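Engineer: Structure in structure tokens, see below.
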Amino acid sequence: MYCKACGEAMNDNQAICLNCGVKTGQGNAFCSNCGNSVNPEAEVCLSCGVATKRSKLGSLDFGTSHSGNGDLGNYNKVTMALIAFFVGGLGIHNFMLGETKKGLVKIGATLLTYGLAGEVLAIIDFVKILTDKYEINPDKFI
Ligand SMILES: [Zn+2]
Ligand SMILES: [Zn+2]
């Protein structure tokens with residue numbers, strides 16, 4: 001770990017930089033991961049790629065694992081898009097993503113409308129997946 005104010009190497013459990021007296025995590029002129037100087041406005045260190053901004057209550061993590069960010073878990077985007085396109089009317093992609101409710105709704109819609117409604121829902125998912133707008137939500141039906 002390095003002091004973010006002066007770039008001096010520090011122990012991980014050090015509360016204050018012994019070189020400049022600034023509290024650990026304060027300052028934005030140096031990367032705490034590699035000690036290289038960074039642009040104070042930069043989101044990530046250009047030397048090591050680690051996020052430079054101080055996270056307030058872990059706010060840096062928000063948005064990466066929730067709502068409409070195109071996150072498909074361990075699955076590849078193109079693979080899921082193709083599955084949604086070809087067998088999406090049976091909710092296969094939903095079941096793979098743990099979205100049982102959405103999958104059952106698609107099967108029901110497919111059976112009731114001879115495939116039409118299920119396919120429409122599947123194409124909507126298909127477009128969302130391709131445009132990184134898909135949201136995995138096991139509690140939703142559509
Ligand atoms: Zn310092
Ligand atoms: Zn760095």
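Engineer: Got a sec? Which of Y114, Y134 is farther than 20 Å from N69 by Cα and either in a loop (DSSP other than H, G, I, E, B) or among the hydrophobic types (A, V, I, L, M, F, W, C) (or both)? Don't jump to the end; show me each part of the working.
Structural biologist: Numbers: Y134 fails: farther than 20 Å from N69 by Cα.
Answer to the check: Y114.
Engineer: What is the number of the single condition among (1) open to solvent by less than 60 Å² (accessible area, probe 1.4 Å); (2) at pLDDT 95 or above; (3) not aromatic (F, W, Y) that I124 does not meet?
Structural biologist: Here I124 clears every test but (1).
Engineer: Every residue in region 38-48 that is small (G, A, S) and modelled with pLDDT of 90 or more, please.
Structural biologist: Of all residues in region 38-48, those small (G, A, S) come to 42, 47.
If the condition is that a residue be small (G, A, S) and modelled with pLDDT of 90 or more, then S47 is the only one that fits.
Engineer: Return the residues of region 1-45 that are of a type in the set (D, E) and over 27 Å from the mean Cα position of the chain (by Cα); say none if nothing qualifies.
Structural biologist: Taking region 1-45 and keeping what is of a type in the set (D, E), we get 8, 12, 41, 43.
Listed by number, the residues that qualify are E8, D12.
The values are calculated or read from the model by the stated rules, or taken from the named source; none is laboratory data. All figures in this text were calculated on a predicted structure; none of them were measured in a lab. Side chains included, ligands, DNA and RNA excluded: accessible areas come from the protein's heavy atoms. Shrake-Rupley method; radii C 1.70, N 1.55, O 1.52, S 1.80 Å.
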